[in-house]
1. Residues of region 93-127 being surrounded by 12 or more Cβ atoms within 10 Å (Cβ to Cβ), among the polar types (S, T, N, Q) and not in a helix (DSSP H, G or I), which ones?
2. Can you tell me which of (1) more than 26 Å from the chain's Cα centre (by Cα); (2) modelled with pLDDT under 95 is the one I26 doesn't meet?
3. Which residues, taken from region 51-92, are of a type outside the set (S, T, N, Q), loosely packed, with under 15 Cβ neighbours inside 10 Å and closer than 24 Å to R109 by Cβ?
4. Of all residues in region 78-98, how many are in contact (Cβ under 8 Å) with a residue 24 or more places away in the chain and over 17 Å from Q35 (Cα atoms)?
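The values are calculated or read from the model by the stated rules, or taken from the named source; none is laboratory data. Since the structure is predicted, the reported quantities are computational estimates derived from the model, not experimental observations. Note that each Cβ is placed from the backbone with ideal geometry, even for glycine, and that neighbours are counted across all protein chains shown.
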Amino acid sequence: MKGVRMEKRFERHLLRSGILIVALGIAVSGCATQQAVDRERMLAASGFHVKMADTPEKLAHVKALTQHKVVPHEKDGKTIFVYADAKSCKCIYVGDEEAYQEFSQLLERKKMQDEDRMIAEENRDASMNWALWGPWPGW
């Protein structure tokens, strides 16, 4: 009897562990998907043009490209930049040097905003003893 109970407890523990692992996997993939969406919005805002992989041949080509990274390519003696997403949008984003520079600036601003937000959250969570500092003018 005791062995059966222990076995059932172990099975429940394994089930809960499995559910937790699946939930974490979904959360992580959700974050990755959101990052891709954010990046694609910045590409479009920077002047990149989107081309949908609307045929099996185009989709196969998109899948063969480096995924979720802006990669330089040569076309007609000019450098163009390509971002491929075979999973979410099934498309490529193509931009010239000017679009790439704008994208780089947007990406840098977003990084700084993310860092500022993280610092603000850390400061918000820090224990502040307002009474220690006495009254503030206007408060």
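1. Across region 93-127, there are no qualifying residues.
2. (1)
3. Selection gives K69, V71, P72.
4. Of the residues in that region, 5 qualify.
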